[in-house]
Amino acid sequence: LSEEKGLARGIKALASVFKEHPDVLWYIAGEGNEREKIEAAIKSEDLEGRVILLGNQSNPYPYMKNADLYLSLSFHEAAPMVYMEAKALHIPVFSTETSSSKEMLKDGDEDFICENSEEGIQKRFSEIMNDREKIMVAKKKLEDYKGNNDGSLQKIADWIS
């Protein structure tokens, strides 16, 4: 729960979408120095019980496995391992556009990348919530996902040669 993860911004951006879709819940695992700010954002947007802070989890995978979508609303990310973890569990990743999102989010979830702003998050998430079939199609495509790091290894080999 750190500032660069954009969670407080995400709560503000998604509040209206959550209110339009009362069946949508957001579980957030982890701890950090932004917890109070995030709790305040949840309260301010009247989303208690809809955005749930789980705290640190020794095993977050059961939560991920039961999710329909993984949200990554970071201001910036290099190459987050959680993208590959979600994809391995056949969970599409909804992500802000970062330095690696377009490269790492393909094979089923490339349609879930949004502009890295409150407006971009709100607009794209709303579109997806209004057409949830896209999530089911992406989950189906990810059933065939076979993660590997061949592309990354080749890049490293090219850089050092």
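The values are calculated or read from the model by the stated rules, or taken from the named source; none is laboratory data. Note that the structure is predicted; figures quoted are calculated from it, not measured. Because the Cβ atoms are built from the backbone with ideal geometry, glycine has one as well, and the counts that use them run over all protein chains shown. Please note that ligands, DNA and RNA were not included when accessible areas were found on the heavy atoms of the full protein model with its side chains. Shrake-Rupley method; radii C 1.70, N 1.55, O 1.52, S 1.80 Å.
Do you know which residues across region 79-127 are at pLDDT below 90, open to solvent by 50 Å² or more (accessible area, probe 1.4 Å) and either under 15 Å from residue 6 (Cβ atoms) or in contact with a Pro (Cβ under 7 Å, 6 or more places away or on another chain) (or both)?
Within region 79-127, just 99 meets the criteria.
Could you tell me how many of the residues in region 5-43 are under 23 Å from residue 77 (Cα atoms), in contact (Cβ under 8 Å) with a residue 60 or more places away in the chain and not small (Gly, Ala, Ser)?
So the count comes out to 5.
Taking the condition of being assigned to a loop (DSSP other than H, G, I, E, B), out of contact with any helix residue (DSSP H, G or I) (no Cβ under 7 Å at 6 or more places or on another chain) and surrounded by 15 or more Cβ atoms within 10 Å (Cβ to Cβ), how many residues in region 60-76 meet it?
Here is the first cut: in region 60-76, the ones assigned to a loop (DSSP other than H, G, I, E, B) are 60, 66-69, 73-76.
Filter again for out of contact with any helix residue (DSSP H, G or I) (no Cβ under 7 Å at 6 or more places or on another chain), leaving 60, 66-67.
Those left that are additionally surrounded by 15 or more Cβ atoms within 10 Å (Cβ to Cβ): 60, 67.
Qualifying residue count for the region: 2.
For residue 32, which of the numbered conditions (1) modelled with pLDDT of 95 or more; (2) farther than 28 Å from residue 139 by Cβ; (3) among the small types (Gly, Ala, Ser); (4) within 15 Å of the chain's Cα centre (by Cα) fails to hold?
Of the numbered conditions (1) modelled with pLDDT of 95 or more; (2) farther than 28 Å from residue 139 by Cβ; (3) among the small types (Gly, Ala, Ser); (4) within 15 Å of the chain's Cα centre (by Cα), the odd one out for residue 32 is (4).
I need the full set of residues from region 130-161 which are of a type in the set (Asp, Glu), under 23 Å from the mean Cα position of the chain (by Cα) and either surrounded by 10 or more Cβ atoms within 10 Å (Cβ to Cβ) or modelled with pLDDT under 90 (or both), in order please. Please lay out each step first, then the result.
At the first step, the residues of region 130-161 found to be of a type in the set (Asp, Glu) are 131, 133, 143-144, 150, 158.
Filter again for under 23 Å from the mean Cα position of the chain (by Cα), leaving 131, 133, 143-144.
Within region 130-161, 131, 143, 144 meet the criteria.
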